[in-house]
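Chemist: Okay, here's the structure, questions in a sec.
The values are calculated or read from the model by the stated rules, or taken from the named source; none is laboratory data. Keep in mind that this is a model prediction, so the values were computed, not measured. Glycine also receives a Cβ, built like all others from the backbone with ideal geometry; neighbour counts cover every protein chain displayed. Note: accessible area is taken over every heavy atom of the protein model, side chains too, but ligands, DNA and RNA are not part of it. Shrake-Rupley method; radii C 1.70, N 1.55, O 1.52, S 1.80 Å.
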Amino acid sequence: GALGSMLVDQLRRRAVPVAGADRLMLMSSLAVRDLLSLLRAALDSGDDLSVAEVLRSPLGGVDEEGLFALATGRAPRESLWSRLQDRAADWPVAHALLGEAIDGADYARPHEILQKALVRHGGRARIRARLNPEEEDAVDELLAQSLAYEKAETPTLAGFLAWMEAAGDLALKREMGRAGDAVRVMTVHGAKGLE
């Protein structure tokens with residue numbers, strides 16, 4: 001909970017190598033929420049909130065002033081996405097990322113869209129540079145969830161988003177061996193049996 005997060009933050013501030021907590025709540029991860037916003041924006045390019053979330057995330061890389069410049073002065077009913085299309089040269093990374101996701105929304109599988117955002121468009125590197133290292137575990141789990149969904153259901157964006165919402169906040173239990181030479185903050189329950 002809050003105590004575990006505070007411990008991890010304080011260890012990082014003191015330059016102590018820390019591998020994060022033993023459990024990570026998937027939907028609490030900023031990177032996961034950013035990637036799900038990308039899928040929502042792909043599904044509905046007129047969803048200005050989701051588009052704005054992607055733009056301000058490490059995926060889009062648009063700063064606050066840039067988002068303000070895009071959002072203000074729009075014509076009535078002009079979406080943020082259409083404004084970005086008009087000014088693609090100013091934010092080429094964000095435009096390419098959103099454009100490919102929106103173009104693939106009707107036929108691409110959720111895992112495919114996520115993979116392209118993370119690899120082809122450099123999203124994983126930007127997440128790693130801007131957010132906590134433990135966010136990578138959450139991103140990997142989201143990719144695993146997308147593959148599990150595709151095995152169980154017809155792979156559609158709307159279906160995957162509904163499936164993730166229905167699953168609630170999944171707890172990702174991390175293995176001790178993956179911590180390496182870093183501190184792993186654990187609950188008492190998670191630490192049972194380590195003696």
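Chemist: How far apart, in nanometres, would the label points at GLU65 and GLN115 be if each is projected 7 angstrom from Cα along the Cα-to-Cβ direction?
Modeler: 3.9
Chemist: Calculate how steeply helix 2-13 sits against the longest principal axis of the alpha-carbon atoms of the chain, using the helix alpha-carbon long axis, and give the answer as 0 to 90 degrees to the nearest 10.
Modeler: 90
Chemist: Starting from the Cα of ARG74, step 7 Å along the direction of its Cβ; do the same at LEU7; then give the gap between the two resulting points in nm.
Modeler: The two pseudo-label positions are separated by 4.4 nm.
Chemist: Considering amide H positions built from the backbone, and no H for Pro or chain starts, which residues 5 or more places from ARG184, or on another chain, come under 5 Å of its amide H?
Modeler: Those qualifying (amide H under 5 Å, at least 5 residues apart or on another chain) are ALA19.
Chemist: Can you work out the Karplus-derived ³J(HN,Hα) for every residue in the range 90-96? Use 6.51 cos²θ - 1.76 cosθ + 1.60 with θ = phi - 60°, whole Hz, and x for glycine or proline.
Modeler: In residue order, the calculated couplings are 6, 9, x, 5, 5, 5, 5 Hz.
Chemist: Report, by chain and number, residues whose modeled amide H sits under 5 Å from the one on LEU59, excluding near sequence neighbours (fewer than 5 apart, same chain).
Modeler: Sorted by chain and number, the residues that satisfy this come to none at all.
Chemist: Restricting to Cα pairs below 8 Å that are 6+ residues apart, what does the relative contact order work out to for the chain? Please round to a whole percent.
Modeler: Dividing the mean separation by the residue count of the chain yields 36 percent.
Chemist: Please turn the phi angles of the range 50-60 into ³J(HN,Hα) values with the Karplus equation 6.51 cos²θ - 1.76 cosθ + 1.60 (θ = phi - 60°), one per residue in order, whole Hz, x for glycine and proline.
Modeler: 5, 4, 4, 4, 5, 4, 7, 7, x, 5, x
Chemist: Hey, what's the chain come to in accessible area per residue, 1.4 Å probe, Å²?
Modeler: That works out to 54 Å² per residue.
Chemist: Could you give each residue of the range 114-129 its phi-based ³J(HN,Hα) in whole Hz, using Karplus coefficients 6.51, -1.76, 1.60 with θ = phi - 60°, and x for Gly or Pro?
Modeler: 5, 4, 4, 5, 7, 9, 4, 9, x, x, 5, 5, 6, 5, 4, 6
Chemist: Could you work out how much longer the chain between ARG33 and ALA158 gets when fully extended? Use 0.36 nm per residue separation minus the Cα distance between them, nm to one decimal.
Modeler: Additional length available on full extension: 43.5 nm.
Chemist: Determine the sum of side-chain charges near ASP47: Lys and Arg each +1, Asp and Glu each -1, restricted to other residues whose C-beta is under 10 angstrom from that of ASP47.
Modeler: Within the 10 Å Cβ shell, the charges total -2.
Chemist: Same structure, new question: Just the number, please: carbon plus sulfur as a percent of the accessible area of the chain, 1.4 Å probe, no ligands or DNA/RNA counted.
Modeler: 54
Chemist: Would you grab the residues whose amide H sits under 5 Å from the one on MET25? Only those 5+ places off in sequence or on another chain, please, with H modelled 1.01 Å from N.
Modeler: LEU172
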